[in-house]
Amino acid sequence: MKKLPYGISNYERIVEENYYYVDKTKYIEILENLSEPNIMFLRPRKFGKTLFTSVLENYYDIKKVEKFEKLFGETYIGKNPTPNKNRYHILRFNFSGIDTETEETTIKGFKNEIASSIKVFIEKYGLDFYINREDEAENILDNLFKAFYIQKSGEQIYVIIDEYDHFANELLGFNTEKFRQLVSKNGKVRKWYEILKKGTETVVDRIFITGVAPITLDSLTSGFNVSKDITQDADFNEMMGFTKQELLEILENQQIPKEKQEKILTIMKENYDGYKFSEDVEEQIYNSNMCLYFLADYIRLGKIPAKLIDVNIASDHSKMGRMLELCQGKQKIEIIRKTISGEGVSSNITDKFNPAIEFTETDMISMLYYLGYLTKSGNYLGKPLLTVPNKVMKDIYATYFLKILEKETDIQLSESKYNQMLEEIALEGKLDTIVETMRQYMNNLSNRDFVKYDEKYVKLMFYCIAMNLDLYRVKSEMEVQRKYPDILLIPKKDEEKYYGVMIEFKYLKKEEKDRLQEKQEEARIQIQEYSEFEEIKAIPKLRKYTIVSVVDEIYIEEI
């Protein structure tokens, strides 16, 4: 049994310290056979991008010839080496972690990363080169290429850039003007990429660039228009992340009994699976980082961990929020409502963003796709159909939606309020506090917010509040293929001890209030129908309610 490499992105360390490695090396061969030598590949955060760049570095490094068998002997590429193995001098940059607080700190961080990476390069390959840290980043790179051309005649460089867009994304999220300055015609970043492009004419033979979104591509394209974006290519759908088969092999390696694997896979599929990056594939991909986080805790604790979300992922609602704020108007609320309710959104995917122009609805939806908050699930009227990939992402949407409600209504839900809700539901099966909270939200929303108000909006509000009740799994109709009621609250454990709750929602406009009893009866009939399902009967302590909303009034009835 090998150790699980959660949080480890150094391939050499993984091999030498006997960590488990999911073999993705066949893609080295596929990449090398492409006619384009310069590649751009985008994936959401925590999908194994840095580890893959480390694999490339170790495979192509001219200094790793003697370690090739040790590093790759058991992999696909070790058994099927390509002509370019151990051929290059690797110049690697990683732009994550740059301080973007001000324009000055951003430029300084960018230049420091350039200088530090070049220092590693010249020391590793014995190049006689002085780094003038007072010089501009683009000049440092240009001088390096000239020195290499003279001192290493006939040899070539493989440039690897990890998280190329990280600092740009951070800046764009809260200061678009500073972002534009950096990538403008005279901007420091753009000039640096112009020099990188120039290097492909002499000493740079290949480039591999990773990032999350094509947020800077349009701005940089005049300076750097030599890369091929393979992000949505079907051949590379599984290059990062885990397939189901790869996950099963990990479980086998960890010697997890077959009878426990099924339960584990069910939880992991619900929370970490669901990603598709091409419309031309069937295989869905698991987020590799989240899987390793879960399994590392499971192996250590010997049971399902209480927290299923890595804190680094759970905090992403703030990043999503900053991007969504770039899109003006109410359409972002409607998109959030659609995604959480399971409807999905049909939209083209923007290949290159132009931050000089206000984000459109298509741009915003595309950003959600690139960030991993939406994924391709089909095609509708010639456009990709995008849906939320899994429960983890849905919960992040829910957290952000609550933040919007709190901002719009100036109502903050305290920990004590959530505890009160939880005690009532778990120990009594009552919804008094959570329904009263919804009333407060609805009474404080302005009239214009009710223009598109409907049953799904009311259910969304309930769902987003309920998902903070850690004791419960919150099931919506989409998750069970519309065969179950609108909302099911099922205790995660001790079902004999705590109450479960089933709810059917209805909505009426103000002028339709005289149909209240009709809607209540309609909801009662549905509740009774659902109560005949074996899965519902199996919930031991289940209380059932109908909730009918008439604009900002809520009528609740127990069945």
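The values are calculated or read from the model by the stated rules, or taken from the named source; none is laboratory data. Please read these numbers as outputs of a predicted model, since none were measured by experiment. When we count neighbours, we look across all protein chains shown, and the Cβ atoms used for this are built from the backbone with ideal geometry, even at glycine. Surface accessibility is based on the protein's heavy atoms, side chains included, excluding ligands, DNA and RNA. Shrake-Rupley method; radii C 1.70, N 1.55, O 1.52, S 1.80 Å.
Would you check which residues across region 26-79 are under 18 Å from I160 (Cα atoms), aromatic (F, W, Y) and in contact with a Ser or Thr (Cβ under 8 Å, 6 or more places away or on another chain) and list them? Scanning region 26-79 gives F41, F47, F52, Y59.
The number of residues in region 6-41 being free of Cβ contacts under 8 Å to residues at least 60 places away in the same chain and of a type outside the set (G, A, S) comes to 18.
With the condition being touching a Leu at 6+ places or on another chain (Cβ under 7 Å), I'd like the helices (runs of 4 or more DSSP H) fully within region 1-83 carrying at least 3 qualifying residues.
Values: elements: 11-16, 26-32, 49-60, 68-72, 76-79.
Output list reads 11-16.
The residues listed here are I62, I14, I98, I8; of these, the one that is in contact with a His (Cβ under 8 Å, 6 or more places away or on another chain) and within 29 Å of I309 (Cα to Cα) is I98. Restricting K456, K452 to residues that are in contact with a Ser or Thr (Cβ under 8 Å, 6 or more places away or on another chain), within 30 Å of E522 (Cα to Cα) and either at pLDDT below 85 or not β-branched (V, I, T) (or both) narrows the list to K456. Name the residue, out of S96, S9, that is more than 26 Å from T243 (Cα to Cα) and among the hydroxyl-bearing types (S, T, Y). So the residue among S96, S9 that is more than 26 Å from T243 (Cα to Cα) and among the hydroxyl-bearing types (S, T, Y) is S96.
So that you can scan it fast, the table gives a plain yes or no per residue for (1) in a helix (DSSP H, G or I); (2) at pLDDT below 85; (3) open to solvent by less than 20 Å² (accessible area, probe 1.4 Å); (4) of a type in the set (S, T, Y):
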| position | (1), (2), (3), (4) |
| --- | --- |
| I349 | no, no, no, no |
| N354 | no, yes, no, no |
| E358 | no, yes, no, no |
| I365 | yes, no, yes, no |
| L405 | yes, yes, yes, no |
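If you go through region 536-550 and keep only what is open to solvent by 30 Å² or more (accessible area, probe 1.4 Å) and in contact with a helix residue (DSSP H, G or I) (Cβ under 9 Å, 6 or more places away or on another chain), you end up with L542, R543, K544.
Which is touching a His at 6+ places or on another chain (Cβ under 9 Å) and under 29 Å from N33 (Cα atoms), of F121, F145, F93, F72?
Working: F145 fails: touching a His at 6+ places or on another chain (Cβ under 9 Å); F93 fails: touching a His at 6+ places or on another chain (Cβ under 9 Å); F72 fails: touching a His at 6+ places or on another chain (Cβ under 9 Å).
The match here is F121.
Taking the criterion of being under 33 Å from the mean Cα position of the chain (by Cα) and not polar (S, T, N, Q), the residues of region 82-93 that qualify are K85, Y88, H89, I90, L91, R92, F93.
Restricting attention to region 437-449, which residues are at pLDDT below 65, assigned to a helix (DSSP H, G or I) and open to solvent by less than 50 Å² (accessible area, probe 1.4 Å)? Can you show your working first?
So in region 437-449, the residues at pLDDT below 65 come out as 446-449.
Remaining after also requiring assigned to a helix (DSSP H, G or I): 447-449.
D449 - this is the single residue of region 437-449 that is at pLDDT below 65, assigned to a helix (DSSP H, G or I) and open to solvent by less than 50 Å² (accessible area, probe 1.4 Å).
Of the residues in region 186-201, at least one is at pLDDT below 75, outside any loop (DSSP other than H, G, I, E, B) and either within 29 Å of M240 (Cβ to Cβ) or of a type outside the set (S, T, Y) (or both).
Within region 491-510, the set of residues being out of contact with any Ser or Thr (no Cβ under 9 Å at 6 or more places or on another chain) and either assigned to a strand (DSSP E or B) or modelled with pLDDT of 90 or more (or both) comprises P491, K497, Y498, Y499, G500, V501. The residues of region 54-90 that are open to solvent by less than 30 Å² (accessible area, probe 1.4 Å), touching a residue at least 24 places away in the same chain (Cβ under 8 Å) and of a type in the set (F, W, Y), listed by number, are Y59, Y60, F72, Y88. All conditions but one from (1) β-branched (V, I, T); (2) open to solvent by 10 Å² or more (accessible area, probe 1.4 Å); (3) touching an Asp or Glu at 6+ places or on another chain (Cβ under 7 Å) apply to I396; the one that does not is (2). Please find, within region 426-436, the residue that is most open to solvent (accessible area, probe 1.4 Å) out of those that are part of a helix (DSSP H, G or I) and more than 21 Å from E553 (Cα to Cα). Of everything passing the filter in region 426-436, L427 is most open to solvent (accessible area, probe 1.4 Å). Evaluation of S414 against the conditions (1) of a type outside the set (D, E); (2) touching a residue at least 24 places away in the same chain (Cβ under 8 Å); (3) open to solvent by 10 Å² or more (accessible area, probe 1.4 Å) shows that the sole unmet condition is (2).
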